[in-house]
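What follows is a single structure, written as structure tokens, with notes after it.
The values are calculated or read from the model by the stated rules, or taken from the named source; none is laboratory data. It should be emphasised that the depicted structure is a prediction, and the values quoted were computed from it without experimental measurement. Methodologically, a virtual Cβ is constructed for each residue, glycine included, from the backbone with ideal geometry; neighbour enumeration extends over all protein chains shown.
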Amino acid sequence: MAKKKNAEKVEKVEKEEVVEETNEEVEKAERKEAEEEFFDKKKKNKKEKEEKSIFYRVTNFILWFVLIAWMCICLYDLYKVRSNKEPMFCIAKHTEKYKDGTVDSCTGLGYKVYRYKRKCYNAVEYVPFFFGDKTLDMDTCPNK
């Protein structure tokens, strides 16, 4: 009977070892699957980033090109105005008549050029588009 108990214990131990080995094998297989999923996701994300980056690169290039072109236009017209010439990129021209002279305004691409030809104020201004006629605010200049 003692031999039978020893034989049963050996069988139980062997079964536990087999169960432990199979558990380890299952864990290894699960790790491999998890790693494969991780690397698949990583590859997928990389492809998506590459696709996005092409779109963003093109968009970025176009925006920078437009910005630099606009700056060149503004600087070119500023140079022409400082040389007492008419701006090249004038979208709308307007002349305002007053009792003592006129104010010529030219609206460009984000800027305005005012040529004041009045007795109280004679100058040329290159200002942002949201600035108005300076002589309207002056107390020394008669308005209309």
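Quick notes on this one:
- Residue within segment 115-125 that is out of contact with any helix residue (DSSP H, G or I) (no Cβ under 8 Å at 6 or more places or on another chain) and modelled with pLDDT of 85 or more present: yes
- THR102 free of Cβ contacts under 8 Å to residues at least 12 places away in the same chain and in the same structural domain as LYS119 (by TED's automatic domain parsing): no
Listed here are the residues, each with its yes/no results for (1) of a type outside the set (Lys, Arg); (2) in a helix (DSSP H, G or I); (3) assigned by TED's automatic domain parsing to the domain that holds TYR111; (4) within 30 Å of GLY108 (Cα to Cα).
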position	(1), (2), (3), (4)
LYS28	no, yes, no, no
PHE39	yes, yes, no, no
LYS42	no, yes, no, no
LEU67	yes, yes, no, yes
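- Test: residue in segment 83-101 that is surrounded by fewer than 13 Cβ atoms within 10 Å (Cβ to Cβ), at positive phi and out of contact with any Pro (no Cβ under 9 Å at 6 or more places or on another chain): yes
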